[in-house]
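The values are calculated or read from the model by the stated rules, or taken from the named source; none is laboratory data. Note that the coordinates shown come from a computational prediction; the quantities given were computed from them, not determined experimentally. Methodologically, a virtual Cβ is constructed for each residue, glycine included, from the backbone with ideal geometry; neighbour enumeration extends over all protein chains shown. Surface accessibility is based on the protein's heavy atoms, side chains included, excluding ligands, DNA and RNA. Shrake-Rupley method; radii C 1.70, N 1.55, O 1.52, S 1.80 Å.
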Amino acid sequence: MQEHNYTQVAQEYYRQRHTTPGWQSLVQVLFSGILASADDEDGRRFLTLMGNNLARQHQLPASATLGELEDNINHILSRFDWGVVKLEATQQQLALVHIAWPVSPQGQDDELWRIALISLFEGLYAQWLLSQGGQSYVPLRWQESTPEGAFVFRYQNGL
């Protein structure tokens, strides 16, 4: 993966946006309830499924190039004020680097919030890639967070 300064991208994103009060609090209550009422793996699977469903409701147009795919994803993410994604391709994998994801309200349950968002984004991105001709046997998984806090997902055979 190429070295980037994602902090600058995140700062620019939030300079252009205003957070709508209330929605994050509602989503946090839902995330916390889901993850608290199910065992860890079941809660994550449920949120991944919700990401799949969200991707089906907000389908991407067909993308002919990687740049077009990135633009189409970012167009939909911008409707939700959910940050931006940068796509980085190599011969072996496609990395999706999600920058400037929404933070938990008042810093409450930060770790649960991150787990829930990562699970949701896994389902969202996996379904979008599948709809663009991806293969169901190739997994998309969160792999790490960058020092700047971006989520890095990898679409790669053998994960």
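Brief remarks on what is shown
- Among (1) assigned to a strand (DSSP E or B); (2) modelled with pLDDT under 95 - the single one Ser78 does not satisfy: (1)
- So Phe153, is it in a helix (DSSP H, G or I), in contact with a helix residue (DSSP H, G or I) (Cβ under 7 Å, 6 or more places away or on another chain) and open to solvent by less than 60 Å² (accessible area, probe 1.4 Å): no
- If you go through segment 74-114 and keep only what is open to solvent by less than 40 Å² (accessible area, probe 1.4 Å), β-branched (Val, Ile, Thr) and farther than 14 Å from Phe153 by Cα, you end up with just Ile76.
- Residues located in segment 17-71, provided they are part of a loop (DSSP other than H, G, I, E, B), within 20 Å of Ile118 (Cβ to Cβ) and charged (D, E, K, R): Asp39
- All positions within segment 119-143 that are open to solvent by 20 Å² or more (accessible area, probe 1.4 Å), in a helix (DSSP H, G or I) and in contact (Cβ under 8 Å) with a residue 24 or more places away in the chain: Glu122, Ala126, Gln127, Ser131
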